[in-house]
DNA sequence: CTTTTTCCCTAACGTTTGTTAGTGTATTTT
DNA sequence: AAAATACACTAACAAACGTTAGGGAAAAAG
């Protein structure tokens, strides 16, 4: 067929991972086959194994790249000196932006992580749990400082994160509103629902 | 192995469909095999085919049973003479209740519908689209009557429906709050976010 | 230019998949 | 009690799966 074309300074492996994210998003991890991926990449299935160790490696490459980005952002945010409600809003905007502009990876990380193999699976679950706890702690703090109405913090985090994953439907829909408009609407409803 | 045990007046097919919902929820439709299902049911894989036509039939049985329930509820609601905000709240409570008490089916219908085969796939997508439009119409109506703040109705529906699907995380979590409490918290945030 | 490394190919492997065919035994109906 | 139906079994199928082996050509390094 010919070799894999790389643009910029991306490795051939990067190209494969990126195409895999698109394919996994469309078909689901289990339903997507290495032969399909190979076709998208423009190569025979066996050739993929010159660049990756296994199908599962592709998945954990995707999942942890996303997880790392969010963890980094949260860490950075925790040290900032702004109100809790502002922290929540910043984080929400970061999530929305991620869902709009890095859709495939984020979607796959969100929906297909259960197919990770050990020890990545446990690792990922721990990170996820910890992330939500730290997010909830920010909400708790806001409640204590009376910036946020008195609700169960865990539930509110759950609502916010899943509401954002609903941007999937926005991507799918025919007559979309603009990305920026979407963001403002989501912030209005979600932050509006928290405010005292 | 022995025959399939039915309780009440459920058919053997009903038993299979119900066990399939649990399995599909845990593993995902594609990853769940008929041999695994057979083991859960307590029978050999081939024996399942005395009751069902195919693996796909199981999926569309699940998806349309859920879809029908929601459509019926919406239809019933549309004729009632209550405020738009009350309609939204009623529908939300119905969704939350469904997610709490018919978890497996609802989850599968939500996440695995893309594996439906034609013509069921198109049919399901149409129903889904139509449901959301009618839900959004209620929100629009509430905005016009100044019960609901001025936001994009489509986005708000998207947020609400996906926020509810986040109850999945609640099921998974170790220290859960009660189902009723969860419902009140979700209503507080979501309806609170809409109110003018 | 020569050597080494990179990378894609074809062919094939061992599994697992959904599903069908055919047979025998319980259960239900007559 | 006899006949018919329902239902579970074993065995097997063709297709699709992830992955490995081995060889040859192109690209990079010397």
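Read-outs throughout are calculated quantities, based only on the coordinates presented, and are distinct from any laboratory measurement. Being a predicted model, the structure only gives us computed values, none of them experimental. Note that each Cβ is placed from the backbone with ideal geometry, even for glycine, and that neighbours are counted across all protein chains shown.
Things worth noting here:
- Percent of alpha-carbon pairs separated by more than 24 Å within region A:98-192: 35 percent
- What separates the residue B:174 label point from its copies, with the point 7 Å along Cα to Cβ, is 4.8 nm, written shortest first.
- Compactness of the protein assembly as shown was expressed as the Cα radius of gyration divided by 2.2 N^0.38 Å, which yields 1.05.
- Among A:81, B:61, a tally of other beta-carbon atoms within 10 Å of each Cβ gives an order, fewest to most, of A:81, B:61.
- Cα→Cβ-extended label distance, 7 Å offset, between residue B:68 and residue B:80, nm: 2.2 nm
- The C-alpha atoms of chain B define a longest principal axis, and helix B:179-194 lies at about 40 degrees to it.
- Based on the Stokes-Einstein relation at 10 °C and a viscosity of 1.306 mPa s, and on the Kirkwood radius from alpha carbon pairs, chain A is assigned a translational diffusion coefficient of 86 µm²/s.
- For region B:26-103, the share of alpha carbon pairs falling in successive 10 Å distance bins from zero is 15, 34, 24, 17, 9, 1 percent.
- Extension gain for residue B:5-residue B:145 works out to 45.0 nm (0.36 nm per residue, less the C-alpha to C-alpha distance).
- Sorted fewest first by neighbouring Cβ atoms within 10 angstrom, A:23, A:74 come out as A:74, A:23.
- Across the copies of the chain, residue B:46 has label points (7 Å from Cα along Cα→Cβ) spaced 3.5 nm apart, shortest distance listed first.
- Per residue, the average separation of C-alpha pairs within less than 8 Å and at least 6 apart gives chain B a relative contact order of 23 percent.
- With Cα atoms, 0 to 90° folded angle of helix A:120-144 axis to chain A main axis: 20 degrees
- Axis between A and B by rotation; chain A residue with nearest Cβ and distance in whole Å recorded as A:193, 1.
- Fewest-first ordering of B:138, A:177, A:189, A:22 by other beta carbons within 10 Å of each residue's beta carbon gives A:177, A:22, B:138, A:189.
- Position residue B:119: other-copy label points at 5.4 nm, ordered by increasing distance, label point 7 Å along Cα→C-beta.
- The distance separating the Cα centre of region B:1-56 from that of region B:69-109 comes to 28 Å.
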